[in-house]
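All remarks here apply to the structure that follows.
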Amino acid sequence: MADRLAPGDIAPDFTLPDDTGSKVTLSDLRGRKVIVYFYPAAMTSGCTKQACDFSESLESLSAEGYTVLGISPDPPEKLARFRAEESLTVPLLADTDRAVMTEWGAFGEKKLYGKTVQGVIRSTVVVGEDGTVSHAWYNVKATGHVAKLRRDLGLD
């Protein structure tokens with residue numbers, strides 16, 4: 001597993017397809033603050049709750065200058081179904097080979113029901129306008145995370 005990102009680190013650039021197949025490149029968003037959140041699987045209860053929470057907060061986060069990107073290992077087709085079924089407004093990106101997740105420290109060993117497994121580590125990283133990490137949280141809980149994120153960013 002790659003080292004986890006920490007405040008002050010340069011956020012590794014990436015280009016990933018979104019749920020429509022269009023490419024999204026992190027460096028194209030320079031000048032904006034970007035919230036990148038990693039989740040294990042579309043259409044599961046925790047990931048649905050988290051995606052809905054981000055979608056419900058998207059307008060207020062955008063008003064504060066934030067762009068939000070959700071990344072999972074799901075293919076674009078599954079992400080498109082997820083977006084449609086849950087009326088999600090957050091852009092969803094596909095990291096099917098888990099390369100970006102690994103580079104950002106969001107894929108690797110984790111505990112699942114008491115066992116050590118390889119998988120997606122639910123994580124959120126905030127990238128500043130200059131491309132450096134301002135905040136990084138790993139092993140976050142799906143429920144309540146967006147509210148905590150808003151508090152930690154001083155938005156509430």
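Readers should treat all values here as calculations from the given coordinates under stated rules, not as data from a laboratory. Treat the numbers as computed from the prediction; the structure is a model and nothing was measured. No Cβ is skipped: glycine too gets one built from the backbone with ideal geometry, and neighbour counts run over all protein chains shown.
For the reader, a short list of remarks on this structure follows.
- Bridges between two residues of the chain, per DSSP, are antiparallel at a rate of about 70%.
- GNM top mover of ASP53, ASP28, ASP74 - the chain, alpha-carbon springs below 10 Å: ASP28
- Calculated Rg and Dmax of the range 1-90 using C-alpha coordinates, Å: 13.4, 37
- Across the cross-link table entries LYS33/LYS78; LYS49/LYS148; LYS33/LYS148, which are compared at the Cα atoms, the separations over 20 Å belong to LYS33/LYS78.
- Rg/Rg_ref, the chain, where Rg_ref = 2.2 N^0.38 Å and atoms are Cα: 0.95
- The range 131-151 and the range 1-55: distance between their alpha carbon centers, rounded to Å: 12 Å
- Tensor-based shape of the range 114-156 (alpha-carbon gyration tensor, a/c under 1.5 rounded, otherwise prolate or oblate): oblate
- Near-label residues of the range 134-152 by backbone N, under 13 Å of a point 7 Å along Cα→Cβ of CYS52: 143-144
- Label-point separation, GLU86 to GLU59 (7 Å along Cα→Cβ), nm: 2.0 nm
- Residue with peak Gaussian network fluctuation, the chain [Cα springs, cutoff 10 Å], from PRO73, PRO40, PRO12: PRO12
- Under 12 Å from LYS23, Cα to Cα: aspartates and glutamates that are on another chain or at least 8 residues apart: ASP95
- Computed on the range 62-144, the Cα convex hull volume stands at 128 Å³ per residue.
- Size of electric dipole in the chain: Cβ of Lys, Arg +1 and of Asp, Glu -1, about Cα centre, debye, nearest 20: 540 debye
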